[in-house]
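Note sheet for the following structure.
Since every read-out is calculated from the coordinates, none of them should be taken as a lab result. All figures in this text were calculated on a predicted structure; none of them were measured in a lab. For neighbour counting, all protein chains shown are included, and Cβ atoms are generated from backbone atoms with ideal geometry for every residue, glycine included.
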Amino acid sequence: MVETTRAVVGLVEHGTLAAYPAVEVVVPHCGALLPAILDRWELFATLPAGQEGAGMSRTEESGSRELPAAGLQRLWFDLAGTPLPHNAAALIKRVGTDRILYGSDHCFTPADAVRRQIDSLDAGWRDVADTPWRTLTARNAHALLGTAHDPTKETSC
């Protein structure tokens, strides 16, 4: 989680996401530690240039400055791990629901734990967002992949 968070911070801080807007990045585990550090990151990003710890990214072409929240709007986030009760809510509060995807971490997580994660999403998602998680993540996956979404053909796990 720390490594994921540091990698995303680097992508935003160095202007990589802004320089390559066609590249789609999916951040696992509800954004890793990003929701927890975003307030602090934004504080340091708004300090005047040259102060220790200051760091808004500057894109090479334009020299523009991008705040962390704007950089995060370029990313997609999956629900792998333990999204409920806290992580998904914290992420959605910061980035909304339009870029949330389903992720199970199945290759690393035993099948029983994946089933419990799905059960948790089924039971608790209504406390996080109005749109059912399966509908929301299917719609978002279709948007990411550029495919047509037919809500009448929803499938269940």
* Across segment 117-135, which residue is surrounded by the fewest Cβ atoms within 10 Å (Cβ to Cβ) among those that are more than 15 Å from residue 87 (Cβ to Cβ) and aliphatic (A, V, I, L, M)? -> 123
* Structure fact -> Taking segment 124-142 and the residues there that are assigned to a helix (DSSP H, G or I) and free of Cβ contacts under 8 Å to residues at least 12 places away in the same chain, the one that is nearest to the chain's Cα centre (by Cα) would be 142
